[in-house]
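Novice: Attaching a single structure in structure tokens format; questions to follow.
What follows draws every value from the coordinates through simple rules; no lab data is involved. These numbers were taken from a predicted model, which means no experiment stands behind them. As a convention, Cβ positions derive from the backbone with ideal geometry for all residues, glycine included, and neighbour counts pool all protein chains shown.
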Amino acid sequence: MNSTATQDRVLNDAEIAELAQQLRVDAVRAAAAAGSGHPTSSMSAAELIAVLLARHLHYDFDDPKNPGNDHLILSKGHASPLLYAAYVAAGAVTEEELLTTYRKFGSRLEGHPTPKLPWVDVATGSLGQGLPIGAGVALSAKRLDDLPFRTWVLCGDSELAEGSIWEAFEMAGVEGLDNLTAILDINRLGQRGPTRHGWDLDAYARRIEAFGWHVEEIDGHDVAAVDEAMKTARRTRGKPTAIIARTRKGRGVAAVEDQEGFHGKPLPDADAAVSELGGVRHLRVHVQPPEQTPRRQFGGDPTAQLPRYDLGDQVATRNAFGDALTVLGTRREDVVVLDGEVGDSTKAQEFAKEHPERYIECFIAEQQLIATAVGTGVCERLPYASTFAAFLTRAHDFLRMAAISRSDIKVVGSHAGVAIGEDGPSQMALEDLAMMRTLHGSTVLYPCDANQTARLVTALAGSPGIGYLRTTRGATPVIYGPDEEFPVGGCKVLRSSPEDQVTLIGAGVTLHEALAAADQLVADGTRARVIDLYSVKPVDAQELRAAAETTGRFVVVEDHHPEGGLADAVLESFCNGHPMPLLTRLAVHTMPGSATPDQQLHAAGINADAIAAAARKLVNTPLTTVSSR
């Protein structure tokens, strides 16, 4: 069949069935042209997307930032041929672009969707993330902004084994997100064989209903049933809706339909498959426009003053974070704060006292915490998500995908390092700097005192991409005045002279230990330069190279594992032929236990005595013995 039509009306059931076949054909053709892809995973959900596109999605493809637009998130991101075929049907992407560039170098039609396409909110493909982020988008619309759009998330059945999906089901149910619809494509087959529950739709329904959702079980290839389920979702109040659709993978092509062994592969005979599906079609769909919704203008009081702390005071940087975040919320009404049920410890709850309407409690669900932050960011909010730094490791994949999504989110990890003391290693973040530094385009900051923390909290707001601030549990002395500036990418040289023989580099807790070590060394007649490397990424390579040229010796001390932290950030400044200093790395090499903070620093070998001893050893090592690296 070959047909061409431009629709400015709602399609009837027969026309939607034809549109579904067109989506299948285009998915088959795109994968065949690319030589790779997931056509069979796309074919199972064709009616689901066809009905949504033709009758229920409200979207202006010419204005992707329209605040009234619905949001469609393809959680089963490997089914990208289906999404791109829908964009062709909507007139947003040309057939030529789909068939000649899909999965090719430089193409915006990547193997899994990313925001290179203006109609894609977030990158998907790491399964189990679309629904959590969609819940964040829906929550932002319902609780923060009172926006009229609906969030639609297409999930595959394999990803329903992911725990993050069930964090999302719980949060959405408790929050009563009746503006959220999860469309579950239950095609029975995963990558290597049958899924856990196969076509047992009741098994899924029981679990999802237990989380407070309304559930519709349907034949996912019955256009009328799909349409009615989506109508019901729109009518349902007080609950999100899950449409559990029984489908068949590879639908419409006998050689692959409901057959194992064809996941992630072009069809064996694409031309025959296209013929079996009825041939190429050129239907075009007029997608319904969104409600007229005014652009949001976020206000605030830019004159609100940051907290000021007196020199010599003992203040925990986590406390300064809470105080500064509260002021930032007054300055900027777009700021929203998300907590992982530790706001009393991270001090994020200080924000809640002043701005309770913009404080979201995600409880102990760190994947959902970051997903909600990403979702609120989709809605043009500036999220600050905070929890214990150690627990962010659970959400690393969400952070990794947030970087691919070009998300602008800020993350704050407290209770970092052995300096937390008696709670022991399960609570100590000793990997977080490495984890956050590896994220593409990230900013990583580690303040040592309260005034510095206050400045860096606001500096993060102006740094694009993922920003990370590491805070400390215990009180540290205030060493900077409240008007000191701390640019991202900078550092502070706190002790310096032309006679310096060694450079001591620390950040956070270890900066204070380095200052104490420098005092010990002065008593020995040894001059030490002290650098506060508060910006761990980007790092101040120019100042580090200047210190290396003067002293030739570095002691880098960090309350972190030796891999990937402060010392590695320093060493990276000497790549590409820059002369390397003689360097000693002091870090947490052993497995800590319970002890006081002072005992922890001593046992780890990162206290002032250990720093001074390492510096003395370096000073007594002739620089001529250092090999060129």
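Novice: Give, as a single signed number, the net charge of other residues whose beta carbon lies under 14 Å from the beta carbon of Met428, with Lys and Arg counted +1 and Asp and Glu -1.
Specialist: -4
Novice: Is region 415-481 best put as rounded, prolate or oblate by its Cα gyration tensor, with a ≥ b ≥ c the root eigenvalues, rounded for a/c under 1.5, and otherwise prolate when a/b is larger than b/c, oblate when not? Display every interim value, and only then the final one.
Specialist: Details: a/c = 3.16, a/b = 1.15, b/c = 2.75.
Here region 415-481 falls in the oblate category.
Novice: How high is the relative contact order of the chain, in percent, with contacts defined as C-alpha pairs under 8 Å that are six or more residues apart?
Specialist: 12
Novice: Additional query: Roughly what % of Cα-Cα distances in region 314-477 sit above 27 Å, to the whole percent?
Specialist: Details: 1656 of 13366 pairs.
Tail of the P(r) past 27 Å holds 12 percent of the pairs.
Novice: Here's another thing I want to ask about it. Find out how many positive minus negative residues lie around Arg473, taking Lys and Arg as positive, Asp and Glu as negative, among other residues whose Cβ is under 13 Å from that of Arg473.
Specialist: Taking every other residue near Arg473 into account, the sum is -1.
Novice: In a solvent-free Debye calculation with one equal scatterer on each Cα, what is log10 I(q)/I(0) for region 427-518 at q = 0.19 Å⁻¹, listed in the order of the q values?
Specialist: -1.01
Novice: What number, in nm² with one decimal, is the all-direction average of the projected area of the convex hull of the alpha-carbon atoms of the chain? Provide the component values of the computation, followed by the final result.
Specialist: On the way: hull surface 118.6 nm².
Mean shadow area of the hull around the Cα atoms is 29.6 nm².
Novice: Over region 314-477, what relative contact order in percent results from Cα pairs under 8 Å that are six or more residues apart?
Specialist: On the way: 354 pairs, mean separation 48.0, N = 164.
With pairs under 8 Å counted, the relative contact order is 29 percent.
Novice: Taking the Kirkwood radius as the inverse of the mean 1/r across Cα pairs, report the Rg/Rh of region 4-284.
Specialist: Working: Rg = 17.3 Å, Rh = 18.5 Å.
So for region 4-284, dividing Rg by the Kirkwood Rh gives 0.94.
Novice: To check you understand DSSP bridge types, tell me what percent of the beta bridges within region 314-477 (both residues inside) are antiparallel, rounded to 5.
Specialist: About 10 percent, rounded to the nearest 5.
Novice: Sort 502-514, 171-183 by the packing proxy (mean of other Cβ within 10 Å over each peptide's residues), most packed first.
Specialist: Put in order of decreasing packing, that is 502-514, 171-183.
Novice: Now, a different point. Once amide H atoms are built 1.01 Å from N in the peptide plane, which residues 5 or more positions from Val555, or in another chain, come under 5 Å H to H?
Specialist: For Val555, whose amide H was placed from the backbone, the distant partners under 5 Å are Thr503, Leu504, Ile505, Thr584.
Novice: A further question follows. Determine which lysines satisfy two conditions relative to Lys249: a Cα distance under 20 Å, and not lying fewer than 8 residues away in the same chain.
Specialist: Within reach: Lys76, Lys265.
Novice: Residue separation times 0.36 nm, minus the C-alpha to C-alpha distance between Ala254 and Arg545: what's the value?
Specialist: Length difference between fully extended and current span is 98.2 nm.
Novice: What is region 492-625's relative contact order, in percent, from Cα pairs under 8 angstrom and six or more apart in sequence?
Specialist: In percent, rounded to a whole number, it is 28.
Novice: May I ask you to derive the FRET efficiency for Asp598 and Thr393 from their Cβ-Cβ distance with R0 = 30 Å, giving the value to the nearest 0.05?
Specialist: 0.70
Novice: What is the calculated FRET efficiency for Asp519 to Asn576, with r their C-beta to C-beta distance and R₀ = 51 Å, to the nearest 0.05? Can you show the working numbers first?
Specialist: Values: r = 36 Å, r/R0 = 0.70.
That pair, Asp519 with Asn576, gives E of 0.90.
Novice: So, one more: If one takes the longest principal axis of the Cα atoms in the chain, at what angle in degrees, from 0 to 90 and to the nearest 10, does the Cα axis of helix 130-139 lie?
Specialist: Here the helix axis deviates by roughly 80 degrees.
Novice: Additional query: In the chain, with Lys and Arg counted as +1 and Asp and Glu as -1 at Cβ, which of these residues, Phe388, Gln305, Ser463, has the Cα nearest the positive end of the dipole, that is, farthest along it?
Specialist: Ser463
Novice: Given Lys353/Lys492; Lys347/Lys492; Lys142/Lys231; Lys353/Lys537, which pairs have Cα atoms separated by over 24 Å? List each step's numbers first, then the result.
Specialist: Numbers: Lys353/Lys492 34 Å; Lys347/Lys492 26 Å; Lys142/Lys231 19 Å; Lys353/Lys537 32 Å.
Violating the 24 Å Cα-Cα cut-off are Lys353/Lys492; Lys347/Lys492; Lys353/Lys537.
Novice: Given that compact globular proteins tend to follow 2.2 N^0.38 Å, what is the ratio of the alpha-carbon Rg of region 336-410 to that value?
Specialist: 1.01
Novice: Give the residue from His263, Gly198, Trp166 lying farthest towards the positive end of the charge dipole for region 4-284; charges sit on Cβ (+1 for Lys and Arg, -1 for Asp and Glu) and the dipole is referred to the Cα centre.
Specialist: After comparing all options, I get Trp166.
Novice: Which value in nm describes the separation of the simple spin-label points at Arg234 and Thr621, placed 7 Å from the Cα toward the beta carbon?
Specialist: Once both label points are built, they end up 7.1 nm from each other.
Novice: Take each of the peptides 113-121, 42-50, average the number of other beta-carbon atoms within 10 Å over its residues, and list them starting from the highest.
Specialist: Peptide ranking by packing, descending: 42-50, 113-121.
Novice: Quote the FRET efficiency, to the nearest 0.05, computed for Ala272 versus Ile364 with a Förster distance R0 of 35 Å and r equal to the Cβ-Cβ distance.
Specialist: 0.10
Novice: Further, regarding this structure: So how much slack lies between Arg108 and Arg196, counting 0.36 nm per residue of separation and subtracting their Cα-Cα distance, in nm?
Specialist: 28.3 nm
Novice: Amide H of Thr443: which non-local residues (sequence gap of 5 or more, or other chain) have their own amide H closer than 5 Å, using H built in the peptide plane?
Specialist: Under 5 Å from the amide H of Thr443 lie the amide H atoms of Ile466, Gly467, Tyr468, each far enough along the sequence or on another chain.
Novice: Could you give each residue of region 204-210 its phi-based ³J(HN,Hα) in whole Hz, using Karplus coefficients 6.51, -1.76, 1.60 with θ = phi - 60°, and x for Gly or Pro?
Specialist: Karplus values, whole Hz, x for Gly and Pro: 5, 4, 4, 5, 6, 4, 5.
Novice: Cβ neighbours within 10 Å, averaged per peptide: list 247-253, 95-101 in order, most packed at the top.
Specialist: 247-253, 95-101
Novice: Placing +1 at every Lys and Arg Cβ and -1 at every Asp and Glu Cβ, with all other atoms neutral, what dipole size does region 316-442 have around its Cα centre, in debye to the nearest 20? Could you put the intermediate results ahead of the total?
Specialist: On the way: 12 positive and 18 negative charges, 86 e Å.
Computed charge dipole of region 316-442: roughly 420 debye.
Novice: In Å and from the alpha-carbon atoms only, list the Rg and Dmax of region 417-576.
Specialist: Just the Cα atoms of region 417-576 yield Rg and Dmax of 15.2, 46 Å.
Novice: Need the C-alpha centroid separation for region 49-84 versus region 275-346, integer Å.
Specialist: If we compute the Cα centre of each part, the gap is 23 Å.
Novice: May I pose another question? What is the Cα radius of gyration of region 539-591 over 2.2 N^0.38 Å, N being its residue count?
Specialist: 1.13
Novice: Quick query: amide H of Glu217 versus all other amide H atoms, modeled in the peptide plane; which residues come in under 5 Å with a sequence gap of 5 or more or a different chain?
Specialist: Those lying under 5 Å, H to H, from Glu217 are Ile244.
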